[in-house]
Amino acid sequence: MTERLYIFDTTLRDGEQSPGASMNTGEKLRLAYQLEKLGVDVIEAGFPAASVGDFEAVSRIAEKMKTTQVAALARTSKADIDRAWEAISHGVKPRIHTFIATSDIHMEYKLGMNREQVIEKTIEGVRYARSFTDNVEFSAEDASRSDRDFLCKVFEAAIEAGATTVNVPDTVGYAIPEEFGELIKYIIARTPNIGKAVVSVHCHNDLGLATANTVAAICAGARQAEVTINGIGERAGNTSLEEVVMSIHTRPNFIPVNTNIKTENIHPTSRLVSMITGIIVQPNKAIVGANAFAHEAGIHQDGMLKNPMTYEIMKPETIGLSQSKLILGKHSGRHALRSHLKDMGYDLSDEELNQVFKRFKEIADKKKHVMDEDLEVIVTEGILRTAETFKLDYLNVVSGTTVYPMASVRLEINGRIVQGAGYGNGPIDSAYNTIAKLTGARSELLRFTVSALTGGTDAQGEVTVRLRENGLIALGRGSDPDIITASAKAYINGLNRLEYLKTNPVNASDGL
Ligand code: KIV
Ligand code: ZN
């Protein structure tokens, strides 16, 4: 039997640090349920000292997870650790994750501390965290650019103070696989008490090497990998869960460890993350990109027909990728819908089911067959998006080759109905101008993308927008068989997210 590799998922913390990826508490909770179903060992749910919103989300997730450890991030200060513990203490397996920077450049310019002071803060923070729980992780931020012998001293002190996991972050994505693997071996060989802790790695993808560095570290003895779904995260992102897990699954002779991940849940989880954050997965992304299992070249297709193993190193079913299932139509009843949603992992209350059923009927009227993807959107948009400041009540757009495009819009704003009309260069422009007028929105539209959710001309169109206002960036997403309606929904969703960001400011001054 091979050794166990613990999967520490930080989609909800480092992943949420992707520009514009902020999620509300309902969305975070839904994702946490899915991560538990996927089989991750630890969910890093957030940084409670950063904002009230973060605190609440971490606390709800800790309350609801049945088997998964829930970690909360904290600097080494008592105030941060108190807040982290307050957020997770009621969970089944709470973990405090405390960190401080150890590279000369971070210590001098960011912390204004010398090496002795950093060791002192490490001991203080870990000891204090340990007074609450015996599940304490310590991270040496910017470890890959730290002096190796100093790093070993810091880890030795952290373990002595009670850390049960020590994490080696490549914070700025600077490491090269061979070098990073060597660093892990060095730490294991030169830290006298390392046997009392699990060695963890946390890589960023600035050079596109996050997965390679993580795999090299596992081969060198690391036994926890910190990852995110779809590799989302600060700047170029973090190591992607699906790439590490499928590398282990596909090349067990080279990477002899096992994980608890149920690989057939990888694709649905990837889809959910993309839907909730509004961050589209690039088509050629390994494992979960739309083209990852598509064979275009004639020679490849011919080989595939004769034997799939000619060009396919993994089976699409292994990651839960099946042909989009044709499931329900407009004659399907409430009971069939409930049971199908249950199979998809959505156990809805009667009230939620009523809401989804109503929207399902509307879609089924416009579109012959309702697919799993359509249902996912209905549930995500209808149930998870609570506390909306702006709601679309009515939209009518006139456009064509001989008329000047005009939109009439009715919105509900904090329960009050407002309506108006406006012109634009095209139907979407006229709808956006009118919505902006009614909401008083001052945001700038940075990006606008449209894609089809399923095949066919009756597919639901999915629109993603990126908005900026006073330095805040929010993504918005909307779907509908009518592309203009989908565009309006995406814009309104983005405006709601901006409102959420305005009322949930990030307080932490220390950049991670
Ligand atoms: O990248 C990093 O160093 C981090 C730490 C807080 C673990 O995210
Ligand atoms: Zn990070």
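Some values worked out for this structure:
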quantity: Subset of the range 51-93 (residues that are of a type in the set (Ser, Thr, Tyr) and either under 23 Å from residue 501 (Cα atoms) or at pLDDT below 95 (or both)); calculated: 51, 59
quantity: Number of the condition not met by residue 284 [criteria: (1) modelled with pLDDT of 95 or more; (2) part of a loop (DSSP other than H, G, I, E, B)]; calculated: (1)
quantity: Whichever residue in the range 213-229 is open to solvent by 10 Å² or more (accessible area, probe 1.4 Å) and in a helix (DSSP H, G or I) and, among such residues, is farthest from ligand 2 (Cβ to nearest atom); calculated: 219
quantity: Qualifying residue in the range 154-170 (condition: surrounded by 22 or more Cβ atoms within 10 Å (Cβ to Cβ), over 19 Å from residue 119 (Cβ atoms) and either assigned by TED's automatic domain parsing to the domain that holds residue 104 or within 16 Å of ligand 2 (Cβ to nearest atom) (or both)); calculated: yes
quantity: Pick from the range 450-472, criterion open to solvent by 40 Å² or more (accessible area, probe 1.4 Å) and within 20 Å of the chain's Cα centre (by Cα), ranking: modelled with the highest pLDDT; calculated: 466
quantity: Search result, residues across the range 194-212 that are open to solvent by 20 Å² or more (accessible area, probe 1.4 Å), in contact (Cβ under 8 Å) with a residue 12 or more places away in the chain and not aliphatic (A, V, I, L, M); calculated: 196, 205, 206, 208, 211
quantity: Matching residues in the range 156-181 - criterion: being over 28 Å from the mean Cα position of the chain (by Cα) and within 18 Å of residue 218 (Cβ to Cβ); calculated: 178, 179
quantity: First in the range 121-139 and of a type in the set (Gly, Ala, Ser), second anywhere and surrounded by fewer than 17 Cβ atoms within 10 Å (Cβ to Cβ), Cβ under 9 Å, 6 or more apart; calculated: 125/78
quantity: Residue 39 away from ligand 2 (no atom under 16 Å from the Cβ) and at pLDDT below 95; calculated: no
quantity: Out of 180, 99, 138, 150, sole residue that is of a type in the set (Phe, Trp, Tyr), in the same structural domain as residue 59 (by TED's automatic domain parsing), more than 15 Å from ligand 1 (Cβ to nearest atom) and closer than 29 Å to residue 211 by Cα; calculated: 150
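To keep it simple, each residue is scored yes or no on (1) surrounded by fewer than 24 Cβ atoms within 10 Å (Cβ to Cβ); (2) in a loop (DSSP other than H, G, I, E, B).
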| position | (1), (2) |
| --- | --- |
| 233 | no, yes |
| 247 | yes, no |
| 255 | yes, yes |
| 260 | yes, yes |
| 264 | yes, no |
| 268 | yes, no |
| 271 | yes, no |
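The values are calculated or read from the model by the stated rules, or taken from the named source; none is laboratory data. Bear in mind the structure is a predicted one, so any value in this text is a computation, not a measurement. Cβ: placed from backbone, ideal geometry, glycine included. Neighbour counts: every protein chain shown. Surface accessibility is based on the protein's heavy atoms, side chains included, excluding ligands, DNA and RNA. Shrake-Rupley method; radii C 1.70, N 1.55, O 1.52, S 1.80 Å.
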